[in-house]
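Report on one structure; see the data block that follows.
The values are calculated or read from the model by the stated rules, or taken from the named source; none is laboratory data. Because the structure is predicted, anything quoted here is derived from the model rather than measured. Cβ atoms come from the backbone with ideal geometry, glycine included; neighbour counts cover every protein chain shown.
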Amino acid sequence: MDKKITIGAIVVLLIIIAGAGYYLATPKGTDTITIGHIAPLTGDAAMYGEWESQGINLAVAEINAKGGINGKQLTVIHEDDQLDPKTGTNALTKLITVDKVPAVIGATGSSVTLAIAPIAEKNKVVLISDGAAAIKVSDAGDYIFRVFPSNALEGKKLVELASSLNLKNGAIIYINNDFGTDLSKVVSDEFTKNGGTIAISEGYDPAATDFRTQLTKVQAKNPDVIFLLGYPKDMAILLKQAKELGIKTQFLAPDTFNEPQIIEWGGNATEGVIFVYPGEGEPGRWKDFNLKINTTYGKNANIMTAMAYDTTYLIATAMQNSGVSGEAIKNGLYQINDYPGVTGNITFDKNGDVISRVMDVKIVKDGKFEGYKNL
């Protein structure tokens, strides 16, 4: 039997056992090691939790098929944060006090990650985010890591993209949370440094569905570029309302735009939007990984699935080399050098950030995401 199909069958069986609650674990005991995962599993951002869970579950199945962690089986408990800091805090507290996990994958959102980081740091539990981009995560603690590029890198890439298009008169519309406010500051500072002018910067509440006030103010400034810094659902709605107002300005967006459903939600209002996104890493590794994801789940991999997959293997590698306590995992992660991940080679700096990430550029063309150019 083909090895890839065997792995896929194992994962499917585990998912069936897991059930709707995303709880994936064999009975805890001396022959198992349990880690946690915190992500939005319900709500508008639930696709992120689904993607991450797929990558994690596949990695766990593979690791266990190879003998586990020094002979012990690895299990993971998936907890829903609904992209809400308070819910995320409760989830981490439960994972630490009840489940006694030494490491947690998460959180997806910057606001949740920054809310739970002090708890992880205080309890000497490793927290390694596969999605948080806020710059402040870099200073969140010695036990806090991330494999996702920070806003410092992404903001610079957005400005480089604007410069390459000779766009000099800018406006910013951003979601008013840790991710959006952080990224908007980077974009504003870098755009000004590059000789551009930010005529107006408008924030909106994360729960907002009407953006006409912000759009009308921006339209009055007649910018040649609008940096749209939000989440998929709100960006899609905003673009539809911008089209209704007759705004034809070039929109540039961050990695959060790379959700195929955004085209379904926004329709032809998304046409022409250009966005930056972490690259897929070494082509051969990505091809093999995508085949395994496709075999198991019947759909292609995306960068969030791959980030979660790499994160699981990083924790397993640190455990294998250094031990299974929070402190041992932390030390093991800092000692990793050029881990050959699906998303590229991974080495952490002194702040727990990945040292380098390649950023790709995509555009919405004829109702599909297409490669634009590399930065």
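Before moving on, here are some points about what is shown:
- Which listed residue, of Val147, Val187, Val218, Val159, is on the phi < 0 side of the Ramachandran plot and more than 25 Å from the chain's Cα centre (by Cα): Val218
- Residue in segment 240-254 that is within 24 Å of the chain's Cα centre (by Cα) and surrounded by fewer than 18 Cβ atoms within 10 Å (Cβ to Cβ) present: no
- Test: Ser184 is of a type in the set (S, T, N, Q) and touching a Phe, Trp or Tyr at 6+ places or on another chain (Cβ under 6 Å): yes
- Among the residues of segment 79-136, those that are closer than 28 Å to Leu153 by Cβ, in a strand (DSSP E or B) and touching a Ser or Thr at 6+ places or on another chain (Cβ under 9 Å) comprise Ile105, Leu127, Ile128, Ser129.
- Residue check: Val76 meets all listed conditions (1) modelled with pLDDT under 95; (2) buried (at least 21 other Cβ atoms within 10 Å of the Cβ); (3) of a type in the set (A, V, I, L, M) but one, namely (1).
- Any chance Leu215 is under 25 Å from Ala152 (Cα atoms), buried (at least 21 other Cβ atoms within 10 Å of the Cβ) and either modelled with pLDDT of 95 or more or touching a strand residue (DSSP E or B) at 6+ places or on another chain (Cβ under 9 Å) (or both): no
- The listed residue being closer than 14 Å to Pro102 by Cβ and of a type in the set (D, E, K, R), out of Lys330, Lys299: Lys330
- Lys66, sole failed condition from (1) within 30 Å of Tyr372 (Cα to Cα); (2) surrounded by fewer than 23 Cβ atoms within 10 Å (Cβ to Cβ); (3) of a type in the set (Lys, Arg): (1)
- Picking from residues in segment 336-375 that are surrounded by 15 or more Cβ atoms within 10 Å (Cβ to Cβ) and among the charged types (D, E, K, R), the one that is nearest to Gly71 (Cα to Cα) is Asp353.
- Selection count, segment 137-170, where residues are surrounded by fewer than 23 Cβ atoms within 10 Å (Cβ to Cβ), touching a Ser or Thr at 6+ places or on another chain (Cβ under 8 Å) and either charged (D, E, K, R) or under 14 Å from Gly106 (Cβ atoms) (or both): 1
- Pairs with Cβ under 6 Å, 6+ apart, first in segment 352-375 and farther than 29 Å from Ile128 by Cα, second part of a loop (DSSP other than H, G, I, E, B): Val364/Glu271; Val364/Val273
- Looking across Trp286, Trp265, one residue alone is under 21 Å from Tyr174 (Cβ atoms), free of Cβ contacts under 8 Å to residues at least 60 places away in the same chain and assigned to a helix (DSSP H, G or I). It is Trp265.
- Any hit, segment 285-292, residues being within 23 Å of Thr108 (Cα to Cα) and aliphatic (A, V, I, L, M): no
- Looking across segment 295-335, the residues that are surrounded by fewer than 17 Cβ atoms within 10 Å (Cβ to Cβ) and part of a loop (DSSP other than H, G, I, E, B) come down to Gly298, Lys299, Asn300, Gly323, Ser325.
- Test: residue in segment 243-261 that is in contact with a Ser or Thr (Cβ under 8 Å, 6 or more places away or on another chain), more than 24 Å from Ile303 (Cβ to Cβ) and in the same structural domain as Glu190 (by TED's automatic domain parsing): yes
- Evaluation of Leu95 against the conditions (1) closer than 29 Å to Asn321 by Cα; (2) within 19 Å of the chain's Cα centre (by Cα); (3) of a type in the set (A, V, I, L, M, F, W, C) shows that the sole unmet condition is (2).
- Whenever a residue of segment 31-49 is closer than 16 Å to Pro85 by Cβ, its partners that are in a loop (DSSP other than H, G, I, E, B) and of a type in the set (Asp, Glu), lying with C-beta atoms within less than 7 angstrom and at least six residues away or across chains, give the pairs Ile38/Asp81; Ala39/Asp81; Pro40/Asp81.
- Figure legend. Inter-residue proximity from segment 199-215: first residues farther than 15 Å from Gly170 by Cβ, second residues aromatic (Phe, Trp, Tyr) and not in a strand (DSSP E or B), beta-carbon distance below 9 Å, spacing 6+ or different chains. Indicated pairs: Tyr204/Phe211; Pro206/Tyr231.
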